[in-house]
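Note sheet for the following structure.
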Amino acid sequence: MNPDNVKWVSVSEFYDPEEAYLVIGLLEAAGIPVKVVRESAGELFGLTVGPLAKIDILVPQEHKSEAERLLEGDL
């Protein structure tokens, strides 16, 4: 997989960093590459509510259906 040509898509969003990191670990353990997008102000100030607290979990488009099935508990 060439990192320059990867189309990343969102599979989940969280406002609680602990929940987000559990999901990241689950996806990575299944061999699915993960990218995390978070507003830097939310991370800096430790926000857990509102749009600045949102944590987006992204995976390459070709892994999206596998990631969604895993997150739904179907795998």
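Please treat every number below as a calculation from the coordinates, not as lab data. Just so you know, these numbers come straight off a predicted model, no measurement behind them. Glycine also receives a Cβ, built like all others from the backbone with ideal geometry; neighbour counts cover every protein chain displayed.
How far apart, in nm, are the 7 Å Cα→Cβ label points at ALA30 and ASP16?
Each label point lies 7 Å from its Cα, and together they span 2.0 nm.
Using the Karplus curve 6.51 cos²θ - 1.76 cosθ + 1.60 with θ = phi - 60°, what ³J(HN,Hα) values do you get for each residue of segment 64-70, in whole Hz, with x for Gly and Pro?
Once rounded to whole Hz, the list reads 4, 5, 4, 5, 5, 4, 4.
Need the full-extension length gain, VAL6 to GLN61, defined as separation in residues times 0.36 nm minus the C-alpha distance. One decimal, nm.
Residue separation times 0.36 nm, minus the Cα-Cα distance, leaves 19.0 nm.
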